[in-house]
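Taking it in order: structure first as structure tokens, then the write-up.
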Amino acid sequence: MRNGVRSLTKAVQNVQSAGPIRATSNEYVYPDSMSRPRKRVVSVESELVSMTQQHPELQEEQDYILHAYECLEASRTGAMKIRELTSSGPGGTFQARLERNVFDENLVHRLEQLELGNAALVFGRIDRHKDDVEGIESFHIGRLAVADAQREPVVVDWRAPVAEPFYRATGRETMGLARRRHFSVQGRDLQGIEDELFGEGHLGLGHDEGLGGDPQVGVKHDGTGLRGYSTLISALSRGRTGQLGDIVATIQSEQDQIIRAPQSGVLVVQGGPGTGKTVVALHRAAYLLYTYRFPLEDQGVLVVGPNRVFLRYIEQVLPSLGEAGVQQVVLADLVPGHRVGLVEDDETKHVKGDIRMSKFIAAAVRDRERPLREDLVIPFGAEYLRLRVTESSRIIRDARRRYRRHNAAARWVETEVVAAMAATSKREEIDLEALRDSLRDIPEFRAAIIRMWPVLSPSEVLHDLYGSRALVRSAAQDVLKEHEWPLLVRERSASLAEVHWAESDVALLDEVLSLIGPRPRKSGRIDETDEMRLYGHIIIDEVQDLTPMQLRMMNRRSLNGAMTVVGDLAQATGAFAPNDWQDLLRYLPTKKEAQIINLSVGYRIPAQIMALADKVLAVAAPSLVPPQSVREGEFGPDIVRSSSAERLLDDVVTQTRLMMDNVKGGNVAIVCPDAMTESVSAVLTREGVQHGRANNTALDTRLTVVPVSVVKGLELDGVVVVEPAAIVAAQDQGLRALYVALTRSTQRLTVVHHRDLPSAMTGN
């Protein structure tokens, strides 16, 4: 913080001397002093200008940034020394070692925070009026808090309350600001400064009148203001690297509202393509961990993505914000130990995703709890011990009543069986534990226990179930329709180790686990470490594609009902594509009424490309309003028709090479129907075009062939979309899949086709 009083007159003069200022009005009123402002009208040009590199305070701010890095390095060095001292010896009491380990963990976390890589430490500054005395105080805003040797703040963490006006202040609601300053920083080098002024006569230099406040933005007024426009456009114009970057320096007001929302309850973020919903959700994770460090660090924050390509794409965002401990997974990671990759038809996926499967699974587990068909009789010395069928039925009824989960009751059932058999002996006293040990060696006894109440695993339950028409039919009674249950039957594998599961099976395996619980240890007890992990906050991306059973799976992992779910109804391509958020919310926690926030501004996609995608949206989801694009692109989409089906792939190669030349080093993707992935990759290889394939890896190469099924959530500089008609025909929600494909590009889009374009694209 800078403590000296700075004249606002000087600040204004400095900005004026730097050249033209972008504005939302032709006139500004500048106060000449801090005490009694005297109005002075100054005409300024209304056109947008880039961030100035001739700002009179450029060197001063550069020096300050370098000083901040020096303080950061000093903090890192100090933390390393402390860690070396605390880890120098293993001795001491148990309590001392425990405290040392906790301290070391905190230091490691701090060191992770202090490691920024190439990310800019400082990206802005606010000058605000003091509350109690006349004057201005300044705060530099950055990725994390940094203090000097005297513990005076040098950089304020972007998540701190004092930093909120940097993202929220407008000309109407200044939040006490006199000025907001945006930095363009490459590494440690300050490239430019952009100032926004507030006060009497100012609207705030920015788009505080809404997106329509400046005709050059080219979108309708909606009351949404853009902050740091030049900084924002500069960031959007940079080439993609194959990994999602953070937006901490350019967060807009409507995005900040989501990031800083209270962590309790379910927050739904509806956002069209390019609105930044994914990166906003990740920044929200970082904000929640900062604001609610205790207890969220212990409870955990979970981020769930749609596929591994997506996870690779986003994996660096949270570490760049100083939060490396957030767990980022696909659904299959939450049920480890199962090989997932089996391909199923859409009808089977739909049945397995239906909420009715919860009753089906419950019935299947219940079918594994069976009374004996005939009395169990076992020789015992000169007599026989007996377990009657009626007694076995009583034990099963009591176990179901006493225990919520199947495996937890296994030892109790065995104990009851032993006790019931001992009661049929004529001996006055029998050591039940000794009897249990003796009976366990008898095959008939073991077989009886396995029939009545076997210890189960999720894979055993489903494998046995799918492999038996009789078991499937039994569980499906009064639950599934007659034509549905045969879809679940499949050939048994030789062993559980050889079973391949479908993605739709993951939620069913989890459902089984919730009913049976973990397997008991050798002692017969359930260990707490084997229990399902619950999380203090869960973030789900592309939530619109989850089935009711998958949503139920996520609900089960919520400790307190706190979730942030992110998606776009227009991009819903799953088996249960919802038409309304209420269709989805009924499967999520209901402790508190859900809040739905809409992101209305599209930052990524140029308006010309979005115009084409909007035509598809109008047919695919006519009730939804597309986001407003904040920028015009240099080029509209190119539509290339091949003269024949045989020429199609050759034209794809030609247009791809042209695209790579046009985007000048940026990332390019060929988005094609899933069935064409192999043929597109083969022709690229034949023509000597280096490329990668985004099946299970990220965008690690400059050119990547991406099946349309995994492209959702990704962004590229240039995109070549292949055969839209085939994309539409491949699935029930084909038009929405095409909408996704058309909205991945930040610069240029080319569509290559031979078949007639879908009428939604042509407007016919």
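Read-outs throughout are calculated quantities, based only on the coordinates presented, and are distinct from any laboratory measurement. What you are looking at is a predicted structure, and each value in this text was computed from that prediction instead of being measured. So basically every Cβ, Gly included, is an ideal-geometry build from the backbone, and we count neighbours across all protein chains shown.
Size descriptors for the range 479-579, from the alpha-carbon set: Rg then Dmax equal 17.0, 52 Å. Sorting Glu460, Glu391 by the number of Cβ atoms found within 10 Å of their own Cβ, with the fewest placed first, yields Glu460, Glu391.
A simple count of charges around Gly265, restricted to other residues whose Cβ falls under 12 Å of its Cβ and scoring Lys, Arg +1 and Asp, Glu -1, yields +1. Between Thr590 and Ala362, the simple spin-label model (points 7 angstrom out along Cα→Cβ) gives 1.4 nm. Taking the Cβ-Cβ separation of Asp478 and Gln243 as r and a Förster radius of 60 Å, what is the calculated FRET efficiency to the nearest 0.05? Calculated value: 0.75.
Extension gain, Arg172 to Glu134, is 11.5 nm, computed as 0.36 nm per intervening residue step minus the present C-alpha separation. Rounded, prolate or oblate: pick one for the range 631-720, where a ≥ b ≥ c are the square roots of the eigenvalues of its C-alpha gyration tensor, a/c under 1.5 means rounded, and failing that, prolate if a/b is larger than b/c, else oblate. Taking the square roots of the gyration eigenvalues as a ≥ b ≥ c, the range 631-720 is rounded.
Each of Arg373, Arg356 was scored by other Cβ atoms within 10 Å of its Cβ. Listed from fewest to most, they are Arg373, Arg356.
Give me the dipole magnitude in Debye, nearest 20, for the range 480-565 about the Cα centre, with unit charges on the beta carbon: positive for Lys and Arg, negative for Asp and Glu. In debye, rounded to 20, the range 480-565 gives about 460.
The dipole here belongs to the range 349-501: it is taken about the Cα centre, uses +1 on the Cβ of Lys and Arg and -1 on the Cβ of Asp and Glu, and is about 760 debye. Each Lys and Arg contributes +1 and each Asp and Glu -1, all at the Cβ; summed about the Cα centre of the range 607-762, the dipole is approximately 140 debye. With all projection directions averaged, the alpha carbon convex hull of the range 607-762 covers 8.7 nm². Which one, Ser425, Ala497, Gly467, projects farthest toward the positive side of the charge dipole computed for the range 349-501 from Cβ point charges (K/R +1, D/E -1)? Most positive-ward Cα: Gly467.
Pairs from the table (Lys615/Lys712; Lys359/Lys712; Lys664/Lys712; Lys277/Lys591; Lys359/Lys591; Lys352/Lys592) lying more than 26 angstrom apart at Cα are Lys359/Lys712; Lys352/Lys592. Extension gain for Glu70-Arg151 works out to 27.8 nm (0.36 nm per residue, less the C-alpha to C-alpha distance). In the range 367-478, the inverse of the mean reciprocal separation of distinct Cα atoms equals 15.2 Å; this is its Kirkwood hydrodynamic radius. Each label was represented as a point 7 Å from its Cα along the Cα-to-Cβ direction; for Glu60 and Asp375 these points are 10.0 nm apart. Sorted ascending by nearby beta carbons within 10 Å, beginning with the fewest, Arg586, Arg631 become Arg586, Arg631. Model label points for Ala611 and Gln582, set 7 angstrom from Cα along the Cα-to-Cβ axis, are 3.7 nm apart.
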